[in-house]
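One structure is given here, and the rest of the page talks about it.
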Amino acid sequence: MPAKKRKRSALKRIRQTERRTSMRTIGRSAARTAVRAAREAISKGGEAASEVISAAASALDKAAKRGSVHKNSARRRRSRIAKAATKAKKKT
C-alpha cells in the first residue's frame with residue numbers, strides 16, 4: 001500500500017502534538033514524583049520536610065501552568081499535602 005500523502009499543515013500538527021504530549025508527560029511525572037517525596041517526608045518527619053513540601057507545591061504549580069494537570073487538581077493536591085504536614089506537626 002503506498003504511503004499516504006499529508007499536507008504540510010497536518011505534518012506540523014503532528015509535530016506539535018508530539019512535543020506537547022512529551023512536555024506534559026514530563027511535567028505530570030515530575031509533579032507526581034514530588035508529591036510522593038513530600039508524602040514520604042511528612043510521614044518520616046524532620047525539618048527537611050518543609051523544603052520537600054515547597055518543592056512539591058512548586059512542581060504542581062508548574063504542571064498546572066503548562067497544562068499537564070488541571071489547576072484545580074493541582075490546588076487540591078497542594079492543599080492535601082499542606083493539611084497532612086500540619087496534622088503531622090501537631091502529633092509531634
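The values are calculated or read from the model by the stated rules, or taken from the named source; none is laboratory data. Note that this is a predicted model, so its numbers are computed, not measured. Please note: Cβ atoms are built from the backbone with ideal geometry, for glycine as well, and neighbour counts cover all protein chains shown. For accessibility, only protein heavy atoms count, side chains too; no ligands or nucleic acids. Shrake-Rupley method; radii C 1.70, N 1.55, O 1.52, S 1.80 Å.
Return the FRET efficiency for the residue pair Ala55, Glu18: r is the Cβ-Cβ distance, R0 is 22 Å, and the value is rounded to the nearest 0.05.
Efficiency, rounded to the nearest 0.05: 0.15.
Where does the chain land at 222 nm, in deg cm²/dmol rounded to the nearest 500, when only DSSP H runs of n ≥ 4 count, each adding -39500 (n - 2.57), divided by all residues? Before the final figure, lay out each step's value.
Details: 3 runs with 76 residues, N = 92.
Theoretical 222 nm ellipticity from helices: -29500 deg cm²/dmol.
Please identify the DSSP H helices in the chain that span no less than 24 Å along the helix axis (Cα) and have a mean Kyte-Doolittle hydropathy of 0.0 or more. Please list the in-between numbers first.
On the way: long enough: 8-44 (54 Å, -0.91); 49-66 (26 Å, 0.19); 71-91 (30 Å, -1.82).
Span-like helices in the chain: 49-66.
Need the full-extension length gain, Ser73 to Leu11, defined as separation in residues times 0.36 nm minus the C-alpha distance. One decimal, nm.
Extra length available between Ser73 and Leu11 comes to 19.1 nm.
Just the accessible area for Thr33, please: 1.4 Å probe, Å², rounded to the nearest 10?
Accessible surface of Thr33 is approximately 80 Å².
Using the Cα centre of the chain as origin and beta-carbon charges of +1 (Lys, Arg) and -1 (Asp, Glu), tell me which of Ser68, Ala84, Gln16 is placed farthest towards the positive end of the dipole.
Going by the Cα projections, it comes out as Gln16.
Of Lys4/Lys62; Lys5/Lys62; Lys4/Lys71; Lys12/Lys65; Lys12/Lys62, which ones are farther than 29 Å apart at the Cα?
As for pairs spanning more than 29 Å Cα to Cα, those are Lys4/Lys62; Lys5/Lys62; Lys4/Lys71.
Looking only at Cα atoms, what is the convex hull volume of the chain per residue, in Å³? It would help to have the intermediate numbers written out before the result.
Values: hull volume 9.6 nm³, N = 92.
Measuring per residue, one finds 105 Å³ for the Cα hull of the chain.
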